Amino acid sequence: MKYSVITTFLLILCFAFSAVGQDLSRLKKLSKDLKRQSEDLVERTQKDLKKSEMRTQIEIESAFMANQLYSSTVLIGRLIKQKYHVSEIRYAGMVLSDMAKRFPLETKHAFEWKKSKDIVSEMSRELRGLNAGVIETENYEVDEEKILGKTFWSGMVDDDVQILVQGSMVTTKTITGQAKEKGLFSFTSALPQQSRIRVGVRKKSGRGKVHVVQQPDESNDYTAIIEVKDEEGGARAYSLEIYWYRR
């Protein structure tokens, strides 16, 4: 059941609409390597089932896992090839990493399973190094009843500022322009340190553009980043409502 949920989730991701404009060549190679490795495991585990007169539980589970791994590599390979959003590919990588924790490393095909796990680890490291880019804009809306919590931030922005939200703390980082006071903030509840949490933002006042450029996940210690760009010259006051909900 849990493996079918994993495959279904990855399939849903294939119908998302975001694109990634950066070099994914290393990730593509790792995806192809993992696909070849999973094909080999499918063949090996199927042979084990055919040879055995009485199939053991571990033989059945290994064959099932090998087929699930192969299906997942096909789907994540499609995400990478079609340049879906990094945040979506990264989450698919996290699902794959969770699957790798259950690889049967104590079987006679331990070497092949270990090699597959190493490739998954390499993919995770590669994904952590990618720039997430723009994920949400201030125009994106979600039903109010789905919102789990909010933080309200107000402050001055001159050109380009990033607002980092982690737990119940907010910090600001000036990218370009003159640094201003860090601003004021308040929470209705802390940003959860959980998977599948997505952050959005509403601009209550201010003239520039506001984007979520990093969604919180395990790889960034559950830190969301909101970027405010004011390119019209001079500092202006901004008021933001940052909210989160479960995907």
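The values are calculated or read from the model by the stated rules, or taken from the named source; none is laboratory data. Predicted, not measured: the structure shown is a model, and the values here were computed from it. Here the Cβ is made from the backbone with ideal geometry for all residues, glycine too, and neighbour counts use every protein chain on show.
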Give me the helices (runs of 4 or more DSSP H) completely within segment 1-109, filtered to those with at least 3 residues that are hydroxyl-bearing (Ser, Thr, Tyr) and either modelled with pLDDT of 90 or more or within 18 Å of Glu126 (Cα to Cα) (or both), ordered by residue number. 25-51, 57-81, 86-100
Looking at segment 151-165, which of the residues that are modelled with pLDDT under 90 and either outside the structural domain of Ile197 (by TED's automatic domain parsing) or in a strand (DSSP E or B) (or both) is surrounded by the fewest Cβ atoms within 10 Å (Cβ to Cβ)? Asp160
Given the residues Arg198, Arg202, Arg207, which is the only one that is out of contact with any Leu (no Cβ under 6 Å at 6 or more places or on another chain), under 20 Å from Glu241 (Cβ atoms) and either crowded, with 19+ Cβ neighbours inside 10 Å or in the same structural domain as Tyr91 (by TED's automatic domain parsing) (or both)? Arg198
Taking into account only those residues within segment 184-205 that are at pLDDT 90 or above and among the small types (Gly, Ala, Ser), which is farthest from the chain's Cα centre (by Cα)? Ser205
Any residue that is free of Cβ contacts under 8 Å to residues at least 24 places away in the same chain and hydrophobic (A, V, I, L, M, F, W, C) - is there at least one of those in segment 176-191? yes
Sort out which residues of segment 206-219 are within 11 Å of the chain's Cα centre (by Cα) and within 17 Å of Thr151 (Cβ to Cβ), and write them in order of number. Gln214, Gln215, Pro216
Taking the condition of being out of contact with any Lys or Arg (no Cβ under 9 Å at 6 or more places or on another chain) and of a type in the set (D, E, K, R), how many residues in segment 154-165 meet it? 0
Taking the criterion of being aliphatic (A, V, I, L, M) and closer than 22 Å to Asp143 by Cα, would at least one residue in segment 228-244 satisfy it? yes
Looking only at segment 166-205, how many residues end up being outside any strand (DSSP E or B), in contact with a Lys or Arg (Cβ under 7 Å, 6 or more places away or on another chain) and under 30 Å from Gly93 (Cβ atoms)? 1
Matching entry among Tyr84, Tyr91, Tyr70 (being over 16 Å from the mean Cα position of the chain (by Cα) and hydroxyl-bearing (Ser, Thr, Tyr)): Tyr70
Taking segment 206-230 and the residues there that are closer than 17 Å to Gly155 by Cβ and outside any strand (DSSP E or B), the one that is modelled with the highest pLDDT would be Gly206
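Per-residue answers, yes or no, for (1) among the small types (Gly, Ala, Ser); (2) in contact with a Phe, Trp or Tyr (Cβ under 6 Å, 6 or more places away or on another chain); (3) surrounded by fewer than 19 Cβ atoms within 10 Å (Cβ to Cβ); (4) within 30 Å of Val212 (Cβ to Cβ):
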{"site": "Leu27", "(1), (2), (3), (4)": "no, no, no, yes"}
{"site": "Lys32", "(1), (2), (3), (4)": "no, no, yes, no"}
{"site": "Phe64", "(1), (2), (3), (4)": "no, no, yes, no"}
{"site": "Lys81", "(1), (2), (3), (4)": "no, no, yes, yes"}
{"site": "Ala92", "(1), (2), (3), (4)": "yes, no, no, yes"}
{"site": "Lys101", "(1), (2), (3), (4)": "no, no, yes, yes"}
